[in-house]
Amino acid sequence: LPEGFAEENTCADIHISDDGNFLYASNRGHNSIAIFSIESDGNLKIRGHESTRGNGPRNFALSPDNAYLLVANQLTDNIVSFKRDAGSGKLEYITEVSAPTPVCILF
């Protein structure tokens with residue numbers, strides 16, 4: 001979590017990119033996706049946090065081609081789409097749709 005964040009937070013979901021270079025973890029409380037690079041020695045290095053643009057990220061998934069990441073925000077009834085940069089692992093907001101109490105993303 002970013003330095004200074006002191007509120008309650010739990011991790012909900014973790015995924016690794018198909019190339020094995022990045023790990024993504026959802027934070028309930030901070031309402032973000034933590035982005036880590038996986039170093040050659042297997043250690044994780046934080047690369048940043050991307051807001052899920054909603055509350056209660058219950059589940060998220062990488063698209064089959066790993067070009068996109070979708071987040072189901074259970075408490076705000078929305079699914080948010082991000083474009084994923086394969087080189088940096090960073091996420092760029094694209095759009096969102098309303099969905100009643102989304103809890104799972106499946107491709």
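So, Ala86, is that one in contact (Cβ under 8 Å) with a residue 60 or more places away in the chain and surrounded by fewer than 19 Cβ atoms within 10 Å (Cβ to Cβ) or not? Answer is yes for this residue. Being under 17 Å from Gly29 (Cα atoms), surrounded by 14 or more Cβ atoms within 10 Å (Cβ to Cβ) and aliphatic (A, V, I, L, M) is a property that holds for Ala72.
Residues in the range 52-107 that are small (Gly, Ala, Ser), over 14 Å from the mean Cα position of the chain (by Cα) and under 19 Å from Ala12 (Cβ atoms): 1 in all. Being aliphatic (A, V, I, L, M) and under 25 Å from Thr101 (Cα atoms) narrows it down to one of Ile14, Ile46, so name that one. Unique residue meeting the criteria: Ile14. The set of residues in the range 31-48 being surrounded by fewer than 20 Cβ atoms within 10 Å (Cβ to Cβ), under 12 Å from the mean Cα position of the chain (by Cα) and either modelled with pLDDT under 95 or of a type in the set (Gly, Ala, Ser) (or both) consists of Gly48 alone.
Among residues of the range 54-77 that are part of a loop (DSSP other than H, G, I, E, B), those with a Cβ under 9 angstrom from a residue that is exposed (fewer than 14 other Cβ atoms within 10 Å of the Cβ) and β-branched (Val, Ile, Thr), sequence gap 6+ or separate chain, pair up as Gln74/Thr101; Gln74/Val103; Leu75/Thr101; Asp77/Thr101.
Give the residue that is surrounded by the fewest Cβ atoms within 10 Å (Cβ to Cβ), with candidates limited to residues of the range 8-26 that are of a type in the set (S, T, N, Q) and in contact with a Phe, Trp or Tyr (Cβ under 9 Å, 6 or more places away or on another chain). Spell out how you get there, then give the answer.
Narrowing the range 8-26 to residues of a type in the set (S, T, N, Q): 9-10, 17, 21, 26.
So of that shortlist, the ones also in contact with a Phe, Trp or Tyr (Cβ under 9 Å, 6 or more places away or on another chain) come out as 17, 26.
Numbers: Ser17: 17, Ser26: 24.
Per the stated criteria, the residue is Ser17.
Is there a residue being in contact with a Gly (Cβ under 8 Å, 6 or more places away or on another chain), of a type in the set (S, T, N, Q) and touching a residue at least 60 places away in the same chain (Cβ under 8 Å) anywhere in the range 37-50?
No: zero hits.
The values are calculated or read from the model by the stated rules, or taken from the named source; none is laboratory data. If you're wondering where the values come from, they're calculated on a predicted model, not measured in any experiment. Neighbour counts are summed over all protein chains in view; Cβ atoms, including those assigned to glycine, are modelled from backbone coordinates with ideal geometry.
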